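The values are calculated or read from the model by the stated rules, or taken from the named source; none is laboratory data. In this text the structure is predicted, and so the values were computed from the model without any measurement. Neighbour counts run over all protein chains shown; Cβ positions are idealised from the backbone, glycine included. Quick note on the areas: whole protein, heavy atoms, side chains included, nothing else; ligands and nucleic acids left out. Shrake-Rupley method; radii C 1.70, N 1.55, O 1.52, S 1.80 Å.
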Amino acid sequence: MPDVTKTYVVTGSASGIGAATAQALQDQGHTVIGVDRHSADVVGDLATAEGRGAVVEAIAAQAGVIHGIVASAGLAGGTGGDPALLASVNFYGSVEVVEGLRTQLKAAEGASVVLLSSNSVECQPGWPVSVAEAIFAGPEESARAAAAETDAPSVYPASKSALRWWVRRECVAWAADGIRLNAIAPGLIETAMATQMRNDPELGVFVEAYPSALGRPGRPEEVAALISFLLSDASSLVVGTTIVVDGGTDAIINPTRVP
């Protein structure tokens, strides 16, 4: 058991990386408020501003002090998916929940937030930077309109890049409130989302050919271990960064790129 039991919020807690992270934190003796569309402490829809507001309100009713948030909820960029919905959930569904709970994070007098980006930002060619810029700049209606002009596979890395930009822009001001902002960028992790992408009629072939220096996909608990570190005091000097956790995929595809 930890010396001090802390309270963490994990969105997307019903499956995949979110579930593994929630379990890891609970195993450490902490309290976890899970958020998802089902099978969670707070059931809600992060696709709309109203839904996000209801989620924030429900979390705040359960905890006056929050020591960390893991914004894990997100949608895959599959063929035929709704690109506007992807922009709403992947970016605004993360950022607005974190922003809505800033008071509770500040009350912890030393909190940490981890947002889930993706190594598709580095490893998927040709995604539209202009869409990422629209998502980042807002408002949401304009971002959705920009996303709707392309397709879901292209919006996925754009939305995940916008999350990184948000972390970089906001981290200094939030650090003044005692809140550390960071992001991680997972590669192919063996989750339901990976299975969905393997079954994609157009993208499945690329998933099967996905390179890894380790010769295998990642496991959710491996990502959860990194998240646990970033939430802990052991990472107290880590602020405003994105850590790629992909088994070497980025290094294979971009051998001369320095993160």
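Worth pointing out:
- For the stretch 77-93, a residue qualifies if it is of a type in the set (Gly, Ala, Ser) and open to solvent by 20 Å² or more (accessible area, probe 1.4 Å), and the qualifying residues are Gly80, Gly81.
- Any hit, the stretch 94-101, residues being assigned to a helix (DSSP H, G or I), open to solvent by 10 Å² or more (accessible area, probe 1.4 Å) and touching a strand residue (DSSP E or B) at 6+ places or on another chain (Cβ under 7 Å): no
- Summed over the stretch 20-29, the residues that are open to solvent by 30 Å² or more (accessible area, probe 1.4 Å), in contact (Cβ under 8 Å) with a residue 12 or more places away in the chain and assigned to a helix (DSSP H, G or I) give a count of 1.
Residues checked against (1) part of a helix (DSSP H, G or I); (2) under 18 Å from Ser13 (Cα atoms); (3) at pLDDT below 95:
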site: Met193; (1), (2), (3): yes, yes, yes
site: Leu230; (1), (2), (3): yes, yes, no
site: Ala251; (1), (2), (3): yes, no, no
site: Arg257; (1), (2), (3): no, no, yes
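- Residue-level check: of (1) surrounded by fewer than 22 Cβ atoms within 10 Å (Cβ to Cβ); (2) hydroxyl-bearing (Ser, Thr, Tyr); (3) in contact with a helix residue (DSSP H, G or I) (Cβ under 7 Å, 6 or more places away or on another chain); (4) not in a loop (DSSP other than H, G, I, E, B), Thr150 misses just (4).
- Answer residue from the stretch 215-227, given it is surrounded by 12 or more Cβ atoms within 10 Å (Cβ to Cβ) and not in a helix (DSSP H, G or I) and is farthest from the chain's Cα centre (by Cα) among those: Pro217
- Qualifying residues in the stretch 47-66 (those that are in a loop (DSSP other than H, G, I, E, B) and under 19 Å from the mean Cα position of the chain (by Cα)) - the one surrounded by the fewest Cβ atoms within 10 Å (Cβ to Cβ): Thr48
- Subset of the stretch 195-214 (residues that are part of a helix (DSSP H, G or I) and in contact (Cβ under 8 Å) with a residue 24 or more places away in the chain): Gln196, Met197
- Within the stretch 112-142, tally of residues that are open to solvent by less than 10 Å² (accessible area, probe 1.4 Å), assigned to a helix (DSSP H, G or I) and not β-branched (Val, Ile, Thr): 1
- Any chance Ile17 is at pLDDT 95 or above, part of a loop (DSSP other than H, G, I, E, B) and closer than 20 Å to Leu116 by Cα: no
- Checked against (1) touching a residue at least 24 places away in the same chain (Cβ under 8 Å); (2) assigned to a loop (DSSP other than H, G, I, E, B); (3) closer than 30 Å to Glu202 by Cα, Glu109 passes all but condition (3).
- Flag for Ala183 being out of contact with any Asp or Glu (no Cβ under 8 Å at 6 or more places or on another chain), outside any helix (DSSP H, G or I) and at pLDDT 95 or above: yes
- Scanning the stretch 67-87 for residues that are over 17 Å from Val167 (Cα atoms) and in a helix (DSSP H, G or I) yields Pro83, Ala84, Leu85, Leu86.
- Per-region count, the stretch 20-44, residues acidic (Asp, Glu) and under 17 Å from the mean Cα position of the chain (by Cα): 1
- Cross-chain or 6+ apart pairs with Cβ under 8 Å, the stretch 172-191 first and more than 21 Å from Ala162 (Cβ to Cβ) and open to solvent by less than 40 Å² (accessible area, probe 1.4 Å), then among the charged types (D, E, K, R) and in a loop (DSSP other than H, G, I, E, B): Gly178/Glu109; Leu188/Asp246
- Residue satisfying all of: in the stretch 202-214; out of contact with any Leu (no Cβ under 8 Å at 6 or more places or on another chain) and open to solvent by less than 70 Å² (accessible area, probe 1.4 Å); nearest to Ile253 (Cα to Cα) among these: Pro211
- Within the stretch 32-46, the only residue that satisfies the criterion of being closer than 15 Å to Tyr92 by Cα and surrounded by fewer than 19 Cβ atoms within 10 Å (Cβ to Cβ) is Asp45.
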